[in-house]
There are 2 protein chains.
Amino acid sequence: MSVSSRLTHDQSRNGTGARNGHLPDEIAQDLSAKIASGALSVGDRLPSERDLCTQYAVSRAVVREALSQLKSDGLVAARAGSGVYVTQRDPTTSFRFQNFSVSDLGRLEEAMELLVTIEVAATRIAAKRRTPEDLKKIKRALIGMEYAIASDRLGDEEDYQFHQAIVEATHNPHFISLCQHLEASARNIIRQARSNTKTNHADLMDAVQDEHKAIYKALEDGDEEAAAEAASRHLYNASKRIRIYLA
Amino acid sequence: MSVSSRLTHDQSRNGTGARNGHLPDEIAQDLSAKIASGALSVGDRLPSERDLCTQYAVSRAVVREALSQLKSDGLVAARAGSGVYVTQRDPTTSFRFQNFSVSDLGRLEEAMELLVTIEVAATRIAAKRRTPEDLKKIKRALIGMEYAIASDRLGDEEDYQFHQAIVEATHNPHFISLCQHLEASARNIIRQARSNTKTNHADLMDAVQDEHKAIYKALEDGDEEAAAEAASRHLYNASKRIRIYLA
DNA sequence: GTTGTTGACTGGTAAGACCATTTCATGCCA
DNA sequence: TGGCATGAAATGGTCTTACCAGTCAACAAC
């Protein structure tokens, strides 16, 4: 009720220039409030789009955009020819790689377990699916890393690019997106760890680079098993190195 | 480029009744992939809505709905009179299992690839780490599922609880949190798929239950390999079943 | 009672038209 | 030359109308 009175007669015509933000947003908010409040419960059918148009005194395009928001939030589902229905609750909307304190080795273990699992799987897929262009990009990152080491830099940026390039070679956007999130979080930890130590551990970098080369070779050969194995070894060692940084 | 050629002139007009799921979803997916891949970077301006219309050969309503999804995902922001811009999404903050259109089998494939990877890994870990209490909870879910089938219910809630209990047996909060998110998204898709079909496919449930039992046995035995194998087979079949729903 | 058909209704999409704002090149003025 | 008004073009936001294909229930025929 308050809704319709709030939205009808809208402001678009009252020359004063009243500020109203995005009609679709308001409607989406209102509908989602009705759902949350229980006025519309699971399985219920919403009024038809055309009915909502008259209720809110807006065009169908606006209503559709509002509904589209609710759909992408998973609050409702539309069935062509039938109607729009309220779907089940529980918005586990997003996943966050939880911040864990660098000093807690147990937590580090848990985080690495997930990281290793996914990156190893991604590397295996990449070995099967990588294109020549992918290989070129990976090699570029590899050489960049080489150069960084020779320049006495830490090369963590290049390291990141190497892993990133491999994941992109899976050509699976879900893997890419998830690994971006994971690696970005991991990098935070590494940075934290490195800032806690003075020495450069440059000697470790050679080991890192060898492991990278092994991964690259497996990818080049398209050998899934070898790629997975190399990635697994690399990440296992990486977590050991992180512990050294933390020591 | 490949994009436009993939989507232009699409199947909507070829009377054969080709299945093409939700144009807006496809376009949103494509644009968000371009952003993730770096083809469009932060601050860049997207082509105008009218340009996108011609590029994708769809109406403006479709383009606007696609953009509205990206907006609510925080990937882009629109400025009236100016254009739509890529916002500073920091992949650090969160990961979202992106909505993929239920009828686009290619996308489904990609999503399942990630889902299978993670759940199989989780099951393997659970086989190694499950406590007697974990087993009890898993068995309870298994029996609940049995009961649901006998009651001619779909039992998708029980199904979810079964998987949930397994993942919890990893005792790794990151796995638990990620799988919760993934499975919640997957359930939405399954619900959508089922809402698009009339038949109940109750016969399939027996197969599901057999696969569940195999997983449980492996977990009970603490046999990591068998658990991973059983989970892999189950999820592979699950994705086949989803395709049946979509058919 | 069962079956088959019909027709109203629904979401999905298309196309064209305004509006208010932003943007930028133009040209005027100091 | 430099700064400032100006106006046309482009853009997102909204509205309108229209058609399509799917759904679903009432109704007619058997």
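We did not get these values from a lab; they are worked out from the coordinates using the rules stated. Note that the coordinates shown come from a computational prediction; the quantities given were computed from them, not determined experimentally. Glycine also receives a Cβ, built like all others from the backbone with ideal geometry; neighbour counts cover every protein chain displayed.
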Could you tell me the center-to-center distance, by alpha carbons, between region B:32-96 and region A:66-83 in angstrom?
21 Å
Less than 19 Å apart at the alpha-carbon level, and either on another chain or at least 8 residues along: which aspartates and glutamates does that give for A:K34?
A:D25, A:E26, A:D44, A:E49, A:D51, A:E65, A:D73, A:D90
Please list 3J(HN,Hα) in residue order for region A:109-116, calculated via the Karplus relation 6.51 cos²θ - 1.76 cosθ + 1.60 where θ = phi - 60°; whole Hz, with x for glycine and proline.
3, 4, 5, 5, 4, 5, 4, 4
Straight-line reach from A:K217: which lysines have Cα under 25 Å away, leaving out those fewer than 8 places along the same chain?
A:K128, A:K136, A:K137, A:K139, A:K240
Which of A:L235, A:A121, A:I190, positive extreme of dipole for region A:105-246 (C-beta unit charges):
A:I190
Could you pull the copy-to-copy label distances for A:P132, with points set 7 Å along Cα to Cβ, in nm to one decimal and sorted shortest first?
6.2
Using the 7 Å Cα-to-Cβ label point, sort the distances from A:D156 to its equivalents in the other copies shortest first and give them in nm to one decimal.
4.4
List the distances, in nm to one decimal, from the label point of B:R45 to the label points of the same position in every other copy, shortest first, placing each label point 7 Å from Cα along the Cα-to-Cβ direction.
4.5
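On average, how many beta carbons from a partner chain sit within 10 Å of the beta carbon of a residue in B:107-113?
Per residue, the average neighbour count from other chains is 3.
For A:K137, A:K71, B:K34, A:K128, what ranking results if the residue with the fewest other Cβ atoms within 10 Å of its Cβ goes first? Write out the running numbers ahead of the final one.
Working: A:K137 19, A:K71 25, B:K34 16, A:K128 13.
Fewest-to-most ranking of A:K137, A:K71, B:K34, A:K128: A:K128, B:K34, A:K137, A:K71.
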